[in-house]
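**Student:** I'd like to ask you about the structure that follows.
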Amino acid sequence: MTSPAAAHRAEHSLTVDAPPPLLYGLVSDVTLWPAVFGPSVYVRHLARGAGWERFQIWAVVNGEVRDWTSRRRLDPGRYSITFRQEHSRPPITSMGGQWSFRALPDGRTEIVLAHEFDTDGTPDAVRWIKEALDRNSAEELSALARVASLGRRVEDVVFSFSDTAAIPGGATEAYDFLHRADLWADRLPHVEHVLLTEGPDRVQLLEMGTRTADGTTHETRSIRVCEPRSWIAYKQLLPPALLLGHSGVWTVQDGPGGASITSRHTVVLSPEGVSAALGAGTTLAQAREHVRSALGRNSRTTMELAAAHARSAA
């Protein structure tokens with residue numbers, strides 16, 4: 001999937017105190033990226049088969065949210081993943097590369113992230129792309145090291161969950177309720193104030209203050225990507241101390257049995273934050289249940305009110 005004729009190359013590496021299978025597993029599952037990797041906002045699979053996949057990804061690149069479609073081949077036997085963008089955005093005309101994980105004699109792993117690319121020839125294009133690769137690659141490698149340094153099984157600290165509710169009204173009206181987050185301070189009991197900024201390509205920046213069950217207020221800041229009448233994906237930029245990362249997606253759809261709305265969360269626990277927020281001696285299992293309960297409660301409240309809004313509109 002790489003192209004020997006590519007004009008430009010970049011390589012970033014890091015040695016991590018963890019075995020290749022753990023690190024390969026985090027990179028091979030792109031659904032975890034928005035919660036694990038700082039630049040990633042949302043990943044949506046388009047197709048997949050044995051050892052390959054296609055997906056659309058939204059990520060922060062040099063300060064702006066951009067999207068592209070990539071195809072990957074996964075080789076778990078060699079701990080290698082090759083990738084190539086199918087539809088690149090200017091100034092990139094082609095981009096491909098490889099993740100590789102090499103076991104070292106002392107139990108550590110050398111991670112190498114290599115890129116090769118061509119540009120559209122605009123001034124400063126190479127500099128712009130290399131700056132983005134330097135920044136994002138460093139963040140991604142550091143994120144892998146951070147999760148590995150927790151010294152826990154990945155499934156103990158990185159997990160997903162979802163809730164689904166029926167919509168007695170129309171899916172379009174329920175989607176509108178979720179999309180108009182600028183009205184949430186008046187519509188949702190756990191939201192105190194909201195500032196919503198609309199950007200290009202259906203990207204939103206959502207800043208709000210929310211009340212927790214114990215009455216304290218937490219300031220949140222999220223990037224949201226909105227697909228009209230279908231889904232809204234978000235990445236929390238300021239997760240609470242309990243979490244290292246948090247992402248999610250609202251999905252609204254019509255079906256044979258009626259319309260429904262689903263809220264899915266993916267989170268990365270901070271073991272250090274667990275002790276600080278929930279008290280010394282709190283287990284990761286208890287922390288997972290706490291997070292599942294707190295985030296699920298807010299999501300279910302939002303879905304119930306979205307359904308009520310849809311019913312009223314209908």
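The values are calculated or read from the model by the stated rules, or taken from the named source; none is laboratory data. Treat the numbers as computed from the prediction; the structure is a model and nothing was measured. Reconstructed Cβ throughout: ideal geometry from the backbone, glycine too, with neighbour counts over all protein chains shown. Side chains included, ligands, DNA and RNA excluded: accessible areas come from the protein's heavy atoms. Shrake-Rupley method; radii C 1.70, N 1.55, O 1.52, S 1.80 Å.
**Student:** Which one, (1) 127; (2) 144; (3) 293, gives volume of the Cα convex hull per residue in Å³ as derived from the coordinates shown?
**Tutor:** This structure yields the entry labelled (2).
**Student:** Please list, in chain and number order, the residues 5+ apart from SER270 or on another chain whose amide H is under 5 Å from its amide H, with Hs placed from the backbone.
**Tutor:** Result for SER270 returns LEU243, LEU244.
**Student:** While we're on this one: Using only Cα atoms and rounding to the nearest 10 degrees, what angle (0 to 90) does helix 125-149 make with the longest principal axis of the chain?
**Tutor:** Relative to the chain, helix 125-149 is tipped by roughly 70 degrees.
**Student:** Go ahead and set up a Gaussian network model of the chain, Cα springs under 10 Å, then flag whichever of GLU227, GLU173, GLU64 fluctuates most.
**Tutor:** In this elastic network of the chain, the residue with the biggest mean-square fluctuation among GLU227, GLU173, GLU64 is GLU64.
**Student:** Quick check: net charge around VAL249, other residues with Cβ under 11 Å of its Cβ, Lys/Arg +1 and Asp/Glu -1? Spell out each step's value before the answer.
**Tutor:** Working: positive: ARG44, ARG224, LYS235, ARG264; negative: GLU227.
Residues close to VAL249 contribute a combined charge of +3.
**Student:** Treating only the Cβ of Lys, Arg, Asp and Glu as charged (+1, +1, -1, -1), what charge dipole size does region 200-314 show about its Cα centre? Round to the nearest 20 debye.
**Tutor:** Details: 12 positive and 9 negative charges, 38 e Å.
Computed about the Cα centre, the dipole is about 180 debye.
**Student:** Taking H placed 1.01 Å from N in the peptide plane, check which residues at least 5 places from THR119 or on another chain put their amide H under 5 Å from its amide H.
**Tutor:** Answer set, sorted by chain and number: THR93.
**Student:** Given a 1.4 Å probe, how much area per residue of region 244-300 is accessible, in Å²?
**Tutor:** On the way: 2540 Å² over 57 residues.
With all protein chains present, region 244-300 gives 45 Å² per residue.
**Student:** Which whole-number value in Å² is the accessible area per residue of region 102-175, probe 1.4 Å? The partial results should precede the final answer.
**Tutor:** On the way: 3530 Å² over 74 residues.
About 48 Å² of surface per residue is accessible.
**Student:** Taking the Cβ of PHE177 as the center, what net charge do the other residues with Cβ under 13 Å away carry, scoring Lys and Arg +1 and Asp and Glu -1? Show your work: numbers first, answer last.
**Tutor:** Values: positive: ARG180, ARG187, ARG229, ARG311; negative: GLU173, ASP176, ASP182, ASP186, GLU304.
After counting each charged neighbour, the total is -1.
**Student:** Looking only at SER263, SER94, SER149, which one moves most when the chain is put into a Gaussian network model with springs between Cα atoms under 10 Å?
**Tutor:** SER149
**Student:** Next question. Considering amide H positions built from the backbone, and no H for Pro or chain starts, which residues 5 or more places from LEU74, or on another chain, come under 5 Å of its amide H?
**Tutor:** TRP52
**Student:** Whole angstrom only: what separates the Cα centroid of region 38-100 from the Cα centroid of region 106-179?
**Tutor:** Centre-to-centre distance over Cα atoms comes out at 10 Å.
**Student:** Which ³J(HN,Hα) values in Hz, rounded to whole numbers, follow from the phi angles of region 188-200 under the Karplus curve 6.51 cos²θ - 1.76 cosθ + 1.60, where θ = phi - 60° and Gly and Pro get x?
**Tutor:** Values per residue, Gly and Pro as x: 10, x, 8, 9, 9, 8, 9, 10, 10, 10, 8, x, x Hz.
**Student:** OK, next. Would you kindly find the accessible area of LEU32, with a 1.4 Å probe and non-protein molecules such as ligands, DNA and RNA excluded, rounding to the nearest 10 Å²?
**Tutor:** Solvent-accessible area, nearest 10 Å²: 20 Å².
**Student:** If you plug each phi of region 234-251 into the Karplus form 6.51 cos²θ - 1.76 cosθ + 1.60 with θ = phi - 60°, what whole-Hz ³J(HN,Hα) values come out, in order, with x for Gly and Pro?
**Tutor:** Per-residue couplings from phi come out as 9, 10, 7, 8, 10, x, x, 4, 5, 10, 8, x, 8, 9, x, 8, 9, 10 Hz.
**Student:** In deg cm²/dmol and to the nearest 500, what is the mean residue ellipticity at 222 nm of the chain if only DSSP H runs of at least 4 residues count, each as -39500 (n - 2.57), divided by the residue total? Could the numbers behind the result be given before it?
**Tutor:** Values: 8 runs with 93 residues, N = 314.
About -9000 deg cm²/dmol.
**Student:** How far is helix 284-313 tilted, in degrees, relative to the longest principal axis of the Cα atoms in the chain, given as a value from 0 to 90 rounded to the nearest 10?
**Tutor:** 60
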